[in-house]
């Protein structure tokens, strides 16, 4: 079906390493040419050893779940004859101990707000679009994390 690559690159430079006071800032390089500045989350590694403005793995995981869901939603909406003008999701992830007692992203809430041109789906049709998108999403199918669709229609 496909394979995907990403290169994660961190360099110590002239930082002391043995005392644990080194930057967790690094870069993600993707096969399409994009480079994303990344870091440990400041919630996990205190500043200045994390880089607050960089993307952390937990944020990226939440964004990946949201993005995957959105792409399938757009696909199914188009197939069903709806025209989506705008899709905005304020996704939110929660870290907690999972059933095995390990810290994990245990819940992701997707909060999409969608604007349509012309005829828009009724509440049941939009819920069906979200259900089909969730069932098809590769990321949702790959993890144990609960992914919830919250809609304030």
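Structure notes:
Residue-wise test of (1) over 25 Å from residue 2 (Cβ atoms); (2) touching a residue at least 12 places away in the same chain (Cβ under 8 Å); (3) outside the structural domain of residue 43 (by TED's automatic domain parsing).
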site	(1), (2), (3)
78	no, no, yes
120	yes, yes, yes
126	yes, yes, yes
138	no, yes, yes
141	no, no, yes
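- Exactly one residue among 105, 84, 113 is within 18 Å of the chain's Cα centre (by Cα), part of a strand (DSSP E or B) and farther than 19 Å from residue 59 by Cβ, and that residue is 113.
- When segment 23-38 is filtered for residues that are within 21 Å of residue 4 (Cα to Cα) and assigned to a loop (DSSP other than H, G, I, E, B), the ones remaining, listed by number, are 31, 32, 33, 34.
- Tallying residues that are more than 19 Å from the chain's Cα centre (by Cα) and more than 27 Å from residue 96 (Cα to Cα) within segment 11-46 yields 10.
- Any hit, segment 117-124, residues being within 30 Å of residue 25 (Cα to Cα), in a helix (DSSP H, G or I) and modelled with pLDDT of 95 or more: no
- If you go through segment 51-81 and keep only what is in contact with a strand residue (DSSP E or B) (Cβ under 6 Å, 6 or more places away or on another chain) and assigned to a loop (DSSP other than H, G, I, E, B), you end up with just 54.
- Residue within segment 129-139 that is more than 30 Å from residue 19 (Cβ to Cβ), at pLDDT 95 or above, touching a strand residue (DSSP E or B) at 6+ places or on another chain (Cβ under 6 Å) and in a helix (DSSP H, G or I) present: yes
- Lone unmet requirement of (1) surrounded by 15 or more Cβ atoms within 10 Å (Cβ to Cβ); (2) closer than 30 Å to residue 16 by Cβ; (3) more than 11 Å from the chain's Cα centre (by Cα) for residue 55: (3)
The values are calculated or read from the model by the stated rules, or taken from the named source; none is laboratory data. Computed from a predicted model, the values in this text were never measured in an experiment. Methodologically, a virtual Cβ is constructed for each residue, glycine included, from the backbone with ideal geometry; neighbour enumeration extends over all protein chains shown.
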